[in-house]
Structures are given as structure tokens and as C-alpha cells.
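The values are calculated or read from the model by the stated rules, or taken from the named source; none is laboratory data. None of the values given here were measured: they were computed from a predicted structure. A quick note on method: Cβ atoms are made from the backbone with ideal geometry, for glycine too, and the neighbour counts reach across all protein chains shown.
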Number of protein chains: 4
Amino acid sequence: MSKLSDEQTLQIQQSRDSAASTRRVVSSGLEEILYEAIPVLDHGFVRVVDYMGDDSAVVQAARVSYGRGTRKVNEDRGLIHYLLRHWHTTPFEMAEIKLHVKMPIFVARQWIRHRMANVNEYSARYSVLDREFYVPAPEQLAAQSVQNRQGRGDVVGPEEARRILNVLTEDAQRNYDHYLDMLNHDEAGERLDEGRQGLARELARMNLSLNFYTQWYWKIDLHNLMNFLRLRADPHAQYEIRVYAEVILDILQKWVPLTFEAFREHRLEAMTFSGEAVKALRRMLAGEKITHSDTAMSKREWDEFQSALAKR
Amino acid sequence: MSKLSDEQTLQIQQSRDSAASTRRVVSSGLEEILYEAIPVLDHGFVRVVDYMGDDSAVVQAARVSYGRGTRKVNEDRGLIHYLLRHWHTTPFEMAEIKLHVKMPIFVARQWIRHRMANVNEYSARYSVLDREFYVPAPEQLAAQSVQNRQGRGDVVGPEEARRILNVLTEDAQRNYDHYLDMLNHDEAGERLDEGRQGLARELARMNLSLNFYTQWYWKIDLHNLMNFLRLRADPHAQYEIRVYAEVILDILQKWVPLTFEAFREHRLEAMTFSGEAVKALRRMLAGEKITHSDTAMSKREWDEFQSALAKR
Amino acid sequence: MSKLSDEQTLQIQQSRDSAASTRRVVSSGLEEILYEAIPVLDHGFVRVVDYMGDDSAVVQAARVSYGRGTRKVNEDRGLIHYLLRHWHTTPFEMAEIKLHVKMPIFVARQWIRHRMANVNEYSARYSVLDREFYVPAPEQLAAQSVQNRQGRGDVVGPEEARRILNVLTEDAQRNYDHYLDMLNHDEAGERLDEGRQGLARELARMNLSLNFYTQWYWKIDLHNLMNFLRLRADPHAQYEIRVYAEVILDILQKWVPLTFEAFREHRLEAMTFSGEAVKALRRMLAGEKITHSDTAMSKREWDEFQSALAKR
Amino acid sequence: MSKLSDEQTLQIQQSRDSAASTRRVVSSGLEEILYEAIPVLDHGFVRVVDYMGDDSAVVQAARVSYGRGTRKVNEDRGLIHYLLRHWHTTPFEMAEIKLHVKMPIFVARQWIRHRMANVNEYSARYSVLDREFYVPAPEQLAAQSVQNRQGRGDVVGPEEARRILNVLTEDAQRNYDHYLDMLNHDEAGERLDEGRQGLARELARMNLSLNFYTQWYWKIDLHNLMNFLRLRADPHAQYEIRVYAEVILDILQKWVPLTFEAFREHRLEAMTFSGEAVKALRRMLAGEKITHSDTAMSKREWDEFQSALAKR
């Protein structure tokens, strides 16, 4: 559970207590949760810290309108579905959200590959990092997948799990102890040894392992957020980033319910079939019995095609 | 003067009349002018239609803070000046503004070259453009500059001006008449001639000249907005885009007064001297008399250097 | 037909005649056509002026290899299909192409909306534009589509066509005459009237209509080029930009034959079905007879779904 | 020293031995070093693996020319200096370079913040990382700077240095031993213990510290490369990324000698003075004696101003 300091909790509460009048569009779903830290993993969180626009910003921009641009909910829904289905992406760039996220460094390294966003990360050159590192829950300790070179397979046995958790915890604790020691600091920031100078923060940090937590402000528009979610909420994404994506999916639903619905329909639950797959489909619908050798699909694509049609 | 239709005026008024409570940061300077059409050129305007954050968003992100992130105004000012002076640009990406702009197509063509922004333009494939085109004021009818291959020189004489204004106006009117005629429409959108089908809008529009007005929604973050303004509010920018930049400078001042002040100080009024120019400066400060032949600057750079130091 | 001046033809020939030795990957398909102007529309062209990498750059980057990164053609083909099918886009960003394109301004205005590219446009502030404007072939003069608010329908009748072609030609000629006149230039660049100063180029150009030709250097990576082609080679794209996309499709095939094949299979000929459409598909494959009222698809989506399955 | 495996050395040599004829522009300076691994830090390197264009690509695009676009070297030099001095950045986007870089993860984390580039990183989800981690040379073990919250001060004493080097080395070795152990692998990739499954690679990697080496393919255009170098070759950049920037500066000089010269003159050695600083300068040049209290500069800016003018 993310342990916020008393001061952090107070700052969040003060922000939540503030209220002001605005002529801008307001998302009641987001106002409800604004600034709150939604816990993820053992020490992480996601907080919405600001936003601009909602579903109406999408239709307003699509119509280049002088007013709110919205009409009946049904017309707006139809327009949003149409835009998403036909890859008209620019109207979705007109709404924006800003999150404060705390996550393990190896998650941050995947996250940052989405370049169409703005980021301000907490600087370990400037400040000392806290003793906070990710240790997976035992049920997350999976073996290397046999079929998938970049995925997980079965959960490891309890004995092996115990051993792994010990190693991860002990190494992270020791690395952090040595980090403080090289800085010549104790946990409270007091100098340890008057005879030593202490290593520069920008160097000492290199002793920390990739499961230590970092944090950043992250701002992204609705179109690019959906791109992020399509990849990171996917079952093939690594679990440790997928749990963040799932929290953000909930935020998306509160923020832009019509866009969320269309996104689920036309992206998350949609399927793309290749030219060969479409040809096979047409023959199957005409009553033909098709096997892999009747098509030019690769074995791998054929298997995915079969399982796509079988899924319920 | 930009003539809004009654319906447009009503829509703007309705948006302005709306008020809601928000926990977000509110910029009182922008709330004041939100949705209003600020006139530019003969038919253009700039309207702020949404925004996210203000100066506090910059310091909040720079500090990756849990609360508002702001301290005393003096500390915030110092931080913002420091960030801008040292090219720490990412905190300025954390505030965002959305404008509705109406401008001549040749202005839009320069504007769109700033890629780090989001745009939804009014579509002349989808809708018919209005009979609105830019005709310069007589005092803007300048001759080609002799020194500057891409600038203006002196204002042309009254006789030549009259002739030019006639040509511009008559050609635009005629081109628009023919545009409607090819569409087989009258001004009210009624079909002209039952015997004709009317040319597709996406084709007919090619007969309009570059001074016709278009409009778009344009969203940009504070960092990229300052890049835009540095180039387009510059005296070397074409007058017709500079007047938009100047209106946006006023908006910037209302929105983020501390950032505006630092931007003026460290960008608009700042000067960059090359390595050679700095060497010359040091010698001049040491009391030497320096002429062009004492330096390795090009003639053009030397002239600019001289006039930079002479300006008061 | 694009009429190049003698000097332009000579410059192109000189570039084509040059040859040098390189250790870089060479695309024999592109070397063949390098620098040549491939004609498009009545005065436009596309020229490949440089490129970096080919199919091997994609597999090399995907494998982060020390050498060429390529293995057997079959393995490379499999990898490229896999990458494209699973939206692994970054390896395709590792190959780059640079084109010199000449096109009508209204086409350039659509083109420039693809922001993930680099552009240097011929400047009409700096130079005088030529008397070259697009006039559609009679078979391209289509009426406004009735079903599609932004498309074309049937070709207009011969009488209406003649009238339209006259208007387009006469207006463009007159606008160009007046452009020169305002500049106080004749066609050869000689001053017309000693008593006049001539309007600045940056102003005079506003009298030209949107069918005048402009040109630019355009550089883009393979991933973003495929995005461009997916949208602009689509049957719904406006004809005048689609013909450019089709020429570039041929270039793509010469440059990166494996990627081209995968792109056709997994993008151009692929189909995306929404969650509702997939549910319907599964029921149809199980032998059910499905009509629109059995699904939650909109009427429009249902119609598109039907025609997708019916297409041969 | 970067130890390449025999196979890697062979692959590099084979690439270097290849030669083909091309009509493209060739940079003899880059051909000379193409594919070679230039060592950086204790295990890192930079390799140029491809490039497109050279100085001539800049002038060619600036002139939107049909041929090579180059004239006399002096004219080209003048144009390039002019473009850079006046922030005409788009012509510099027309040349491109691709590097293969191996660097510590904490360096990669700074590097990736430059978003206007293309990256393919070696995947530790897919493959096992090598036992290669950065240990600073003793003369790089600096204490935290007292004036600069994110920089280094004096080198620490020999006793403290010895202790730090021991800690860094032992922790990295132990973390790597445990990484292999959790994977249930020995160094040669053989399974250690038949009774254990081995943790998935995507999880085990989290035990590695930030000084372990990663590698990627990195492609960037000349304009954005100069932005990178301006920030990362700066004396305020962290030493461990600055040494990479310095190697790339050498590459820049070999690739685009005219642009390199202009970049050094108008960026690296240039100085930007704020509005207040310019006012002070003018008074000083007029013979006035100016102290901090005569200006509106902050103390910090004033100090930087003084040292800028004093520097030799």
C-alpha cells in the first residue's frame, strides 16, 4: 500500500478542499477523484492532477464550433463512434489529462517509450530517493513462458518463490543501505561520518536496482492516451505496467464516458484481420471448410485467427 | 471587423454565461476573456476556448509536488526565470491552451509549420466557405524590400495602392462568385440551376485565392506556444501573422504573468552573440576599439552585432 | 505533363550520373529511379532524392544487431510480417526516405497535416511562383456525393464540364496576370513599369488560387510513410492526393519489397471489425442468420460490415 | 575497454568490408569510421551504422533545388551560418544519422528524454543481459557539489574512493549472480537446477542496478542531434553522458564539417544575454561602471553574467 507521508496527505487534502468557479467544461467524474492517490502495486499510485475538456471537446473540435458543439447525447455518441472507427484522430487530441504517477523504474522505462506525452520526473541528481522498491506478490512470480519469448508462464513453486522474494528484498535493502552509505547520509538525511565527503547523488544512485520507485508528472492528450492503453492494457503487456493501465482505464471511463465506450468497442474488443484472413472468412461464411493449408497465412497467424474466432 | 452571425454570438454568450465549480487551478485572467472573439485583421479573430494550468503548473511539475507546488510568489518567479534562462523546457509543457482562430489561408499555411500543436481545421470538403477574404489596409501595402529578400520595404504610393486594392477585391469577388456557380449554389445555399449537378466541394474550393479565411481549433502547450511567439511576434515575421502573435502575447500575459515576464526578459528582449561576437565584446569592454576587420564575423553578422549594441 | 526547364533537367541528369562507393546498405530499386521526376497530375511530380536503409534496417534494429542483422529472406519476411501485424512500429522508424514533390496548394494543405515528417517548402515570400496551376481532367469533374458529405459522386455532364474548365482556367490565368502585375514584373522577371515599386512578394501571392503548384522537400521514416499511405491511398482520400500516394506506393515496393508486401497484407487489405462485429461474425460462422436488428451496430457500421464481407 | 565478442567483431568487419556503388551523396568522413565501435566509459561504445546526406543536404533543402543544391564552399558556408544564426531549423532536419550505442542504464534514462529521435533498445524481456556494469574511474568519484544541487564537487579522498569502488563492484556482481540464479541459468545459458523453473526474464531483470549496460539503435536528424549535443556536451551535463556527447561531436565534425563549424560558433560558444543583461552591456560599453545593484538581474544571473564576460 502506498504510504504517503503526513505532509503529502495534507497537501493532497488541501488541493481537494479548494474550489473555484470556472466557465470551462467540467468533468464531474474527474472532479470526484481529483488529486487522490489511487494505489497500484506495493508502493505505487496514480493521481489525476489536472484535465482539459471531456467528450464535448471532441465533438466541439470535430465541428469547429463557436459554442459547446454538443447536440443530443445520441448524436454525439454517433459522431464519436464514427470518428474512432474511421481513424479520425485529431479531434481526440483536443482533450488533455495530467497524471502524477509513482512506479518502479523498470516500469517507467517501458512507459517513457510513448513519446507523444510530456514528462517531468523526480530527479535523483537533485534529491535522495526513498527506501521504496517493488517486490512482486508471490502469485506474480511466474516462470519464463515457453511459447512466448517475452512473456510469463506458470507461477513458480512455493519454495522457489520464497527464495526469490528473499533475494529481491535482501539485495534491494543492501543496495539502498550502500546508497545511503556512499552518500554519507542516514535515513533522516543526517551526515553519517564527518571524515567523509559523501558521493554525489548523481553517482550514488547507480547502485539502486530497477525495482526502486520513481515518480513523475505525465501529461497526454486523449488520442495518445488511447494508444498507450491499447498497448499497455493488452494481455500481452507486462503485468506490472498493465495494472497501471487498468487504473487509467477506469479514469478514462469517468472522464469521457462516450469515448471510453467507443474505444472499448472499436479498439480494445475489435479485431484486425489481414487480407488473407478476410479471404478465408468470406469462404467460411460461404460454407467452405478451411484449414491452414488452404490459406497463405503463417502458422502463427493462423493459430491467432482460429483462437480469435473461437473466443467467446 | 469580424462579423459573427447572430447564432455564433448567441453560442459564445451561452458558453460565457455557464459557470461551474472546479477543484482545478483557475486563471482569473483567462476566465475573464474565455470564449470571446478578439478581432484580428479585417475578418479574423482569436478566441480562448479552454486552458489547463497556469504559472503554478510550471512550478508544480518542476518540483514534482503532491500539492499546488507553489510557494511565495518571489520563489516561484525566481524558479521560472531560472528554468527559462537555462532552457529547462519540460515544466512549461505542463500548461496547455486551446484557441479558436480565424485567419487567411496564406497565414494558416505559415502557422501550420509549427508541428508541435494539435489542429482541427474547418473542412472545405465538408462545408462551403463564406465570402470572406483579406484585403490589406492601404498602409500595409508595402513594396518588396531591397535588402531583405523575404520582407517588405516602403509603403507603395496611393495610386498604386488603389490599383492593388481593386485587383485584390475584384479577383476575390469573382473567384468566389465562380466558386458558388461551380457548386451550383447561391449565397443562401439554394441550388441555382436544376439542370446542373454542381461540382463537388473538394474540387470547387481550388478556385478560391489564398486570402480567403479559414478557421481552426489549435491546442498547444506553453513551451511550444513560446516558441511560436518568439518566431511570429518577431519584427521579421510577416505582418499578417505577427498581428495574431501580438494578440496571443496579450493572452499569455493574462494567463501566466510570471512566465510572460520571464519570456519577455529571456527570449523576446534577449540577444544571442556568437563565439566571435563574444570575443569582440570582451575586447571592447577592455577598452579596445574594434572594427569588422578585427573579427571573423561575416559582414552581415557584424552589421547585426553593431545594431544590437546600438539599439536602446 | 510536368515541364522541367532545361536547367532542371540538366541538374537531375548530373545527379543521376554521379556515382560513389559506399559501405552503407544500398537499395538497387531506388538507385534505379533516384532523382528522376515521376509525373503526377498536370504539372506535378515526385522525385526520390535520398534514402537510408531498406528492409534490412528494420530487421537489424529489431534484433539490435552488430552486423547487417539479416538472415534468410524467409526469416526476415516472417519477422517483418510479425512486427507489422502486432503493431511493433519502432523498427520501421529506422529507415528513411526523402522526396521532392510538386503539387497543387490544396493538396499540400492536406499533406502537411501529417506532422511526423520534415518539410522545406519553396518560399513565395522569397521567390516568384511559376504560372502553373492544376486543371482537372474532364473525367475528374465529379458532382458532390449525395451519401458522403466529403466525397465525389458522378461525373458532371460534358456541358457543365466545359463551363467549369473554362472558369478554372480563366480565373487562374487572370489571377496570375494580376499577381505579376502587382509585383510589377513580366513573366521573364523584368520590371514592367518604372513608375511603380511593385508589391512585396509575401503580399502579392495572396491573389493566387489554391490550384497553383508549390513544391517541397519532404523527409519521413518508413513507419510514418505507411501511416500516410494508409490514409491517402485509401479510396476515400481525395483523388488529387491519392494519385501521389499511388506513385509513392510504387516507390515503397521498389525500396522495401518485404515491408511493402506485409503492409499490403496487414494494412491495405486488412479489415478491422468492432467488438459487436466480431460477435456477429462468430454467430454467423456458427450458422446463424444475422440481421442488423440482432446486433448493436449502428446502421452505418452494419452497412460497412455487410459490404466488407460481400466484397470479393 | 569495450570487449566485443569474436562474433560481433566479425560482423562489424564484414559490414566494413562491403562496398557498393550509390548515386547518393557520400560523406567520406563517415565512410571511414562506419560500423566501428568507438569506446566510451568502461564497457560502452558508439557506432555509426548509417547516415543520410551531409552539409549539402542542408543547402539543397534550403534552396529546394533540383540538383545537388551546392555552390561554392564559401556560399554554402555563409548560408549554413546564416540559417543557424537565425534559427531556421528545418533544413537541418534533412540530414539523418543512425548510431548503435551501448551505455549504462542511468545514462540511457537521461538520453531517452530527447523525444525527437527513434529508438530500438535491446530487450531484457527477450534476452539475458551480460555481466557488464559501469564502475567509475577513481578520478570521477566526486562529492556532491555544495553550490550546485545537481552537480559534482571535489574528488573524494583515496580511502573513501576505495570503499565506494568496492561497494559498487560487489553489489553489482552479487546482483548479477542473483539475477542468473533467479533465471536458473549459468553464465553460458545452461540451466542450473533441474528442480526449478526459473523466473521470467521480465521479472528477474529488476534485480539489476542502474549501472548495468544496455544498448540501442538511435536515429536522429541533424537539427535534433545539435539540440542533444548543446545540452549533453555542456559542462553542466553529467560526466557519464557528456563523454558520449563528446564522441558524437567528433562524429559530427567528420560528417558535416560546415555545420559543425557553425554549430560551435553559434551554439556551443555563443552566449545569450537577457534583456537586462543587454541593457547593462550597453551602459558598460558606453563607459559606465555597473554593479549588481544597478541592474534588475537576480544575483545568480549577475554572477553568471560576470563570469561570462570574464572568461578568456
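Against the conditions (1) over 20 Å from residue C:27 (Cα atoms); (2) crowded, with 19+ Cβ neighbours inside 10 Å; (3) within 11 Å of chain D (Cβ to nearest Cβ), where does residue C:93 fall short? Just the number, please.
(1)
Among the strands (runs of 3 or more DSSP E) lying completely within region A:114-221, list those that include at least 3 residues that are out of contact with any His (no Cβ under 6 Å at 6 or more places or on another chain) and touching a residue at least 60 places away in the same chain (Cβ under 8 Å).
Filter on region A:114-221 gives A:118-121, A:213-221.
Does region A:246-258 contain any residue that is in a strand (DSSP E or B) and either of a type in the set (A, V, I, L, M, F, W, C) or in contact with a helix residue (DSSP H, G or I) (Cβ under 6 Å, 6 or more places away or on another chain) (or both)?
Within region A:246-258, the subset in a strand (DSSP E or B) is none.
Taking every residue of region A:246-258 in turn, none turns out to be in a strand (DSSP E or B) and either of a type in the set (A, V, I, L, M, F, W, C) or in contact with a helix residue (DSSP H, G or I) (Cβ under 6 Å, 6 or more places away or on another chain) (or both).
Check whether at least one residue in region A:66-88 is touching a strand residue (DSSP E or B) at 6+ places or on another chain (Cβ under 6 Å) and buried (at least 23 other Cβ atoms within 10 Å of the Cβ), and report yes or no.
no
Which residues, taken from region C:262-277, are part of a helix (DSSP H, G or I) and surrounded by fewer than 18 Cβ atoms within 10 Å (Cβ to Cβ)?
Residues satisfying the conditions are C:264, C:268, C:275.
Exactly one condition in (1) in contact with a Lys or Arg (Cβ under 8 Å, 6 or more places away or on another chain); (2) crowded, with 19+ Cβ neighbours inside 10 Å; (3) not assigned by TED's automatic domain parsing to the domain that holds residue D:36 is false for residue D:292; which is it?
In the conditions (1) in contact with a Lys or Arg (Cβ under 8 Å, 6 or more places away or on another chain); (2) crowded, with 19+ Cβ neighbours inside 10 Å; (3) not assigned by TED's automatic domain parsing to the domain that holds residue D:36, residue D:292 misses (2) alone.
A quick yes/no check of all residues on (1) over 21 Å from residue B:79 (Cα atoms); (2) of a type outside the set (Ser, Thr, Tyr):
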| site | (1), (2) |
| --- | --- |
| D:247 | yes, yes |
| D:253 | yes, yes |
| D:261 | yes, yes |
| D:267 | yes, yes |
| D:276 | no, yes |
| D:291 | yes, no |
| D:305 | no, yes |
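Can you list residue pairs whose Cβ atoms sit under 6 Å apart, with the first residue in region C:260-275 being more than 7 Å from every other protein chain (Cβ to nearest Cβ) and the second being among the basic types (Lys, Arg)? Count only pairs 6 or more apart in sequence or on different chains.
C:267/C:230
Return the only residue of A:8, A:110 being surrounded by fewer than 17 Cβ atoms within 10 Å (Cβ to Cβ) and not hydroxyl-bearing (Ser, Thr, Tyr).
Just one listed residue meets the conditions, A:8.
Being in contact with a Lys or Arg (Cβ under 9 Å, 6 or more places away or on another chain) and within 9 Å of another protein chain (Cβ to nearest Cβ), is that true of even one residue in region C:126-137?
yes
Here is a check on your reading of the model: is residue D:201 in the same structural domain as residue D:143 (by TED's automatic domain parsing) and not hydrophobic (A, V, I, L, M, F, W, C)?
Yes, satisfied.
Got a number for residues in region A:163-195 being surrounded by fewer than 16 Cβ atoms within 10 Å (Cβ to Cβ), over 21 Å from residue D:206 (Cβ atoms) and at the interface with another protein chain (Cβ under 10 Å from one of its Cβ atoms)?
Here the count works out to 2.
Report yes if some residue within region D:295-308 is farther than 30 Å from residue D:174 by Cβ, at pLDDT below 95, among the hydroxyl-bearing types (Ser, Thr, Tyr) and assigned to a helix (DSSP H, G or I); otherwise report no.
yes
Please go through region A:22-49 and give me each residue that is more than 15 Å from the chain's Cα centre (by Cα) and at positive phi, ordered by number.
Result: A:35, single match.
For region B:1-88, give me every one of the helices (runs of 4 or more DSSP H) that falls completely inside it and has 2 or more residues that are within 7 Å of chain A (Cβ to nearest Cβ).
Once the helices (runs of 4 or more DSSP H) in region B:1-88 are filtered for at least 2 residues that are within 7 Å of chain A (Cβ to nearest Cβ), what remains is B:6-17, B:55-62.
Does residue A:237 count as surrounded by 15 or more Cβ atoms within 10 Å (Cβ to Cβ), within 14 Å of chain C (Cβ to nearest Cβ), small (Gly, Ala, Ser) and not in a loop (DSSP other than H, G, I, E, B)?
Criteria not met by residue A:237.
Given the conditions (1) at pLDDT below 95; (2) under 26 Å from the mean Cα position of the chain (by Cα), which single one is not true for residue A:192?
The failed condition is (2).
Can you name every residue in region A:143-162 that is surrounded by fewer than 20 Cβ atoms within 10 Å (Cβ to Cβ) and within 8 Å of chain D (Cβ to nearest Cβ)?
A:145, A:149, A:150, A:153, A:154, A:157
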